[in-house]
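Okay, here's the structure, questions in a sec.
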Amino acid sequence: MRVLLIEDEKKLSDFIVKGLTQEGFSVDLAATAAGAEDRRLNGVYDLVIMDVNLPDGDGFSILEAMRREGDATPVLMLTARGSVDDKVRGLESGANDYLTKPFAFRELVARARVLLRPAEKPVDVLAAGDLTLDVRSRRVTRGGRRIELTNKEFALLEILLRNSGRPVSRAVLWEHAWEGSFEVDSNVLDVHMGRLRRKVDADSPVKLVRTVHGVGYQIDVPEGA
Ligand code: CA
């Protein structure tokens, strides 16, 4: 992971470079706005960490130029303590996050890692064991065998699979399958869940749908299955 650090305070930049390098990042340093511009035009970075006040300009101008040019590299701004204006201006200019000086190094690393986390790709096919649900084609199979579901059953299975291994509350199930209806009708929910369960589990020795008493339902693959 390549990081561009734009910071003119030598003590601070030495400390950040050393720390980030130890954390496995590859860090380039620019101590001026001009230096930052040069680095930025000649390198590709996964993250930019920038100080607001630089001897020959400010971080906002660099950030605004980046965003104007369509450069979407995540930017973490380092702002002076208590400067609300700086934070607001930074976020308005397109900063992804900011950190107020002085900060703990651990916090810098934690924030950097969040910004470097790749955007979650939308998943088209959800699965648990040999059960699959294709969100786009709306095809559901168990062990390769096609299962025909009603719209409600499909919605219930989808939210259960998206939370595979965790219980999904009755309220969440209801909200997902009966959009716009606020009052959970437990009988109706249980009837649909019962039908879904039969379609998914009746023909297989491995039961994937579980009742979580007092909560709702859960899908998981039993150990050893
Ligand atoms: Ca500074």
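Using the beta-carbon distance between T21 and R166 and R0 = 22 Å, what value does 1/(1 + (r/R0)^6) give for FRET efficiency, to the nearest 0.05?
E between T21 and R166, to the nearest 0.05, is 0.05.
For a quick protection proxy, order the peptides 198-206, 143-151 by their average other-Cβ count within 10 Å, most packed first.
The packing order, highest mean first, is 198-206, 143-151.
What is the sum of charges, Lys and Arg at +1 and Asp and Glu at -1, for the other residues whose Cβ falls under 13 Å from the Cβ of G165?
Charge balance near G165 sits at +1.
Over all pairs of distinct alpha carbons, what does the Kirkwood formula give as the hydrodynamic radius of the chain, in Å?
Kirkwood radius, the chain: 21.2 Å.
Among the helices of the chain (complete DSSP H runs), which have Cα atoms covering no less than 20 Å along the helix axis and a Kyte-Doolittle mean of at least -1.0?
Answer set is 186-201.
Turning to a different aspect of this structure: So, in the chain, how many Lys pairs have Cα atoms under 25 Å apart, if the pair is 8 or more places apart or on different chains?
10
While we're here: Taking all protein chains together and a probe of 1.4 Å, list H192, H213 from the most accessible to the least accessible.
Listed by decreasing accessible area, they come as H213, H192.
In what sequence, highest mean first, do 101-109, 178-186 appear when ranked by Cβ atoms within 10 angstrom?
Descending packing order for the listed peptides: 101-109, 178-186.
Pick out, from V3, V52, V188, the residue whose Cα sits farthest towards the positive end of the charge dipole of the chain, with +1 on the Cβ of Lys and Arg and -1 on the Cβ of Asp and Glu.
The residue sitting farthest along the positive end of the dipole is V188.
Can you list the residues, at least 5 places off or on another chain, whose amide H is less than 5 Å from the amide H of D97, using H built in the peptide plane?
V75, M77
Shifting gears a bit: How long is the gain from R67 to E92 if the chain were fully straight, where each residue apart is worth 0.36 nm and the alpha carbon distance is subtracted?
7.9 nm
In debye, nearest 20, what is the charge dipole magnitude of region 2-116 about its Cα centre with +1 on Lys and Arg Cβ and -1 on Asp and Glu Cβ, if you could check?
That gives a dipole near 400 debye.
I want to check the label-to-label distance for L12 and V44. Put each point 7 Å from Cα in the C-beta direction and report it in nm to one decimal.
The modelled label-to-label distance comes out at 3.0 nm.
Out of region 10-88, which GluC sites (Glu not before Pro) are coil in DSSP terms and have no more than 13 other C-beta atoms within 10 Å?
E69
Please get the size of the charge dipole for the chain, origin at its Cα centre, with Cβ charges of +1 on Lys and Arg and -1 on Asp and Glu, quoted in debye to the nearest 20.
1060
Right, another one. Hey, if you put +1 on the Cβ of every Lys and Arg and -1 on every Asp and Glu Cβ in region 125-219, which of T141, N163, W178 ends up farthest toward the positive end of that dipole?
Highest projection toward the positive end goes to T141.
About the Cα centre of region 125-219, what is the dipole size in debye to 20, counting +1 per Lys and Arg Cβ and -1 per Asp and Glu Cβ, all else neutral?
Its charge dipole is roughly 380 debye.
Okay, next question. When a/c is below 1.5 the answer is rounded, else prolate if a/b is larger than b/c, else oblate, so apply that to region 2-116 with a ≥ b ≥ c taken from the square roots of the Cα gyration tensor eigenvalues.
Note, shape of region 2-116 comes out rounded.
Take E223, project a point 7 Å from its Cα along the Cβ direction, then tell me which residues of region 150-170 have their backbone nitrogen under 14 Å from it.
Of the residues in region 150-170, none has backbone N under 14 Å from the label point off E223.
The values are calculated or read from the model by the stated rules, or taken from the named source; none is laboratory data. Keep in mind that what you see is a predicted model, and the values were worked out from it rather than measured. Here Cβ is always computed from backbone atoms with ideal geometry, including for glycine, and neighbour counts include all displayed protein chains. When the accessible area is computed, the model is the full protein with side chains, heavy atoms only, and any ligands, DNA or RNA have been set aside. Shrake-Rupley method; radii C 1.70, N 1.55, O 1.52, S 1.80 Å.
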